[in-house]
Amino acid sequence: MGSGIWSTDVYDAADRYRRSTGKSAFSYSDSGARTVHPALDPREATRESRDSDEHPRSTPVAVLFDVTGSMLKVPRVLQTKLPQLLGLLQRQGYASDPQIMFGAIGDATCDRVPLQVGQFESDNRMDDDLGRIVLEGGGGGQMTESYELAMYFMARHTATDNWDKRGRRGYLFIIGDELAYPTVKAREAAGVIGDNLTEDVPLRHIVDEVTSRWDTYFLLPAGSHYAGNAKVLDFWRDLLGQNTVVLDDLDAVCETIALTIGLGEQAIDLDEGLRHLDRAGSTATGTVSKALARLNRGRRAEVSTLPAFRDTTGGVTRL
């Protein structure tokens, strides 16, 4: 997947049509759907980010967000901010040939739709995937959701040329406000994804597995039920360190993602990225500056099993 070119004009036209007709951007969910859309079913094909003549050096980006309880606002904000995310990545040259996948996380212990995963796309089909997400609004009523199941899917059911050809990790952003369960349960992996595991997989094991191929970030946004909760913050910092990012304003989520990728790709430093936001008239500059202050401004660590693709000067090859 990942063919085509994103068009803000097409997005704007679709948005105007929805407004004029009263249709929802999340028509599948808002029509009453309570089963996973076939296009987002995690039991289906591996999600792939591949190079092509059109996109010769693909950069995979996955954004998975909690859709339980108070986190229901997140996908609606993402849908309205989508053009800014793509604009920053493409027009500012933060990443070569970005291919973005959206997905949603619930609670496999009780939700009807605990995991939904789109495909990696470079064009307006990613907006279509957002519109197919079921905003179930469930959850188990405790401070835990199935983030570990989403990380398991990313570790074992994705394939990217960025890794296979260049030995470079993609970017994974999980947006939520609760804890993960301590293990990937074999029965949940079977029921939700279709995998037959002989035993449960410890959370730490799956975190190590997913971070070996994905630069993984946990974004904790303001406005969620557990925003500012020390237990949640300590839990994710123990797992991901400085890649646990606190957002004072949910509206800054796309700018935060874009600048995080720009920093990781060494396309910008933080000050330059913040200037880009200012020049674009963004109101997110202060939030992004505070959110990303903890991230290492140095060169992104290269993880490679393919030495032939390393730059002999120690730098990162960019188009």
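Please indicate, with yes or no, whether at least one residue in segment 162-181 is in a strand (DSSP E or B), free of Cβ contacts under 8 Å to residues at least 60 places away in the same chain and over 20 Å from Thr46 (Cα atoms).
yes
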| note | When (1) more than 20 Å from Ala62 (Cα to Cα); (2) assigned to a helix (DSSP H, G or I) are applied to Leu197, the one that fails is (2)
| query | Is at least one residue of segment 71-79 over 20 Å from Asp111 (Cβ atoms), modelled with pLDDT under 95 and of a type in the set (Val, Ile, Thr)? | reply | yes
| Hey, Arg187 hits all of (1) among the charged types (D, E, K, R); (2) assigned to a helix (DSSP H, G or I); (3) closer than 29 Å to Lys23 by Cβ but one; which does it fall short on? | (3)
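Report whether or not Trp163 is within 16 Å of the chain's Cα centre (by Cα), hydrophobic (A, V, I, L, M, F, W, C) and crowded, with 16+ Cβ neighbours inside 10 Å. Steps first, answer last, please.
Values: within 16 Å of the chain's Cα centre (by Cα): no; hydrophobic (A, V, I, L, M, F, W, C): yes; crowded, with 16+ Cβ neighbours inside 10 Å: yes.
Criteria not met by Trp163.
Each row is one residue, and each column tells you yes or no for (1) within 18 Å of Gly93 (Cβ to Cβ); (2) of a type in the set (Lys, Arg); (3) modelled with pLDDT of 80 or more.
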| position | (1), (2), (3) |
| --- | --- |
| Ile268 | yes, no, yes |
| His276 | yes, no, yes |
| Ser289 | no, no, yes |
| Leu292 | no, no, yes |
| Val303 | no, no, no |
| Ala308 | no, no, no |
| message | Among the listed residues Ala104, Ala108, identify the single one that is within 21 Å of Ala258 (Cβ to Cβ) and of a type in the set (A, V, I, L, M, F, W, C). | response | Ala104
| query | Which of the residues belonging to segment 50-69 are among the β-branched types (Val, Ile, Thr) and closer than 12 Å to Thr160 by Cα? | reply | Thr59, Val61
| request: Please go through segment 170-224 and pick out each residue that is over 30 Å from Ala258 (Cβ atoms) and of a type in the set (Gly, Ala, Ser). | output: Ala186, Ala189, Ala190, Gly191, Gly194
| field | Unmet requirement for Met151, which otherwise passes all of (1) closer than 29 Å to Ala190 by Cβ; (2) modelled with pLDDT under 95; (3) open to solvent by less than 20 Å² (accessible area, probe 1.4 Å) | value | (2)
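The values are calculated or read from the model by the stated rules, or taken from the named source; none is laboratory data. Small disclaimer: the values here were computed from a predicted structure and weren't measured. FYI the Cβ positions are ideal-geometry reconstructions off the backbone, even for glycines, and counts take in every protein chain you see. Heads up: the accessible areas ignore ligands, DNA and RNA and are worked out on the full protein's heavy atoms, side chains in. Shrake-Rupley method; radii C 1.70, N 1.55, O 1.52, S 1.80 Å.
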